[in-house]
Amino acid sequence: CRSCWDLSSGINAEYGEYTIADRVTYNYFVGVKFMFDNEFKAAERCLTFAFENCLQSSMSNKRKILTYLIPVKISLGFMPKVTVLKKYDLCEFENVVTAVRNGNIKLLNQTIEEHAPFFIRAGIYLILEKLKVITLRNLFKKIYLITSSFQMDVTNFKLALNWQGLEDVDLDETECILANMINDGFIKGYLSEAHKKMVVSKVTAFPALTDFL
């Protein structure tokens, strides 16, 4: 993660002059900063460097790095294995991974609430809140795959949201959610307000998260 190391930060010495421990520490802190700046690709590079080069015997340090790397990875569409979560005693993320992967916004809300003290102490509560958009994206992608149509009634998305525990979401709010997701690049398509339908691209209706985050 030389690009992270060479970040303009008052450190202008050659990369090789620093010990691996120094580089791990630096990439960890820079990676965390990138995460809070919503620069997830850069955060992933730096935190991965820190994790992979941290001593295997330093389980507590590797666990601390993973506490930030896991939500960053999920934000980019990469889900950690349960074995990794268990190995580093980070089972608080297990249902987060399940919820995001399956588009289960109800489970995600319940998990964030259940483990809120842990997420708040770690400073990642707001990052996890942002995973709700990705979870909704995966829910809507399921509807797209089930219907096998490039034109879908907005009502279908509303019913899915209501079924997921968002009972107060009406048709107008559903359209607003879809419009924002289209605007932010999560969905390629447009809304036909006259027909109350969402029309998606025939090429890549739901782009990979790494394509635009």
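What to note about this one:
- Put a dot 7 Å past the Cα of SER58, heading toward its Cβ, do the same for ARG101, and the two dots end up 3.0 nm apart.
- Amide H contacts of LYS197 (H built 1.01 Å from N, under 5 Å, at least 5 apart or other chain): VAL154, SER192
- Distance between the 7 Å Cα→Cβ label points at LEU159 and GLU129: 3.2 nm.
- Net lengthening on full extension, ASP89/ALA194 (0.36 nm per residue, minus Cα-Cα): 32.7 nm
- With contacts taken as Cα pairs under 8 Å at a separation of at least 6 residues, the stretch 9-129 carries a relative contact order of 17 percent.
- The distance between label points at ILE146 and ILE182 comes to 2.1 nm (points 7 Å beyond Cα on the Cα→Cβ vector).
- Reported label for calculated Rg/Rh (Cα atoms, Kirkwood Rh) given [x] 1.02; [y] 1.04; [z] 0.94: [y]
- The phi-based Karplus calculation (6.51 cos²θ - 1.76 cosθ + 1.60; θ = phi - 60°) puts the 3J(HN,Hα) values of the stretch 176-190 at 5, 4, 4, 4, 5, 5, 5, 4, 8, x, 6, 10, 9, x, 8 Hz, whole numbers, x for Gly and Pro.
- 17 Å cut-off, amide nitrogen to a point 7 angstrom out along ILE120 Cα→Cβ, residues in the stretch 89-110: 109-110
- Surface composition of the chain: carbon plus sulfur atoms hold 54% of the accessible area, using a 1.4 angstrom probe and ignoring ligands, DNA and RNA.
- Per-residue [θ]222 nm for the chain (sum of -39500 (n - 2.57) over DSSP H runs n ≥ 4, rounded to 500): -19000 deg cm²/dmol
- For the stretch 83-136 versus the stretch 144-213, the gap between their alpha-carbon centres in whole angstrom: 23 Å
- Unsatisfied cross-links (Cα-Cα over 27 Å) in the set LYS73/LYS141; LYS81/LYS158; LYS33/LYS158: LYS81/LYS158; LYS33/LYS158
- Accessible surface, the chain, averaged per residue in Å² (probe 1.4 Å): 53 Å²
- Dividing the mean sequence gap of close Cα pairs (under 8 Å, 6+ apart) by how many residues the stretch 125-213 holds gives a relative contact order of 26 percent.
- Using θ = phi - 60° in the Karplus curve 6.51 cos²θ - 1.76 cosθ + 1.60, the 3J(HN,Hα) couplings for the stretch 128-142 round to 5, 4, 6, 5, 4, 5, 5, 5, 5, 4, 5, 5, 5, 5, 4 Hz; x is entered for Gly and Pro.
The values are calculated or read from the model by the stated rules, or taken from the named source; none is laboratory data. Remember, predicted model here, so these are calculated numbers, not experimental data. Here the Cβ is made from the backbone with ideal geometry for all residues, glycine too, and neighbour counts use every protein chain on show. Only protein heavy atoms, including side chains, enter the accessible area calculation; ligands, DNA and RNA are left aside. Shrake-Rupley method; radii C 1.70, N 1.55, O 1.52, S 1.80 Å.
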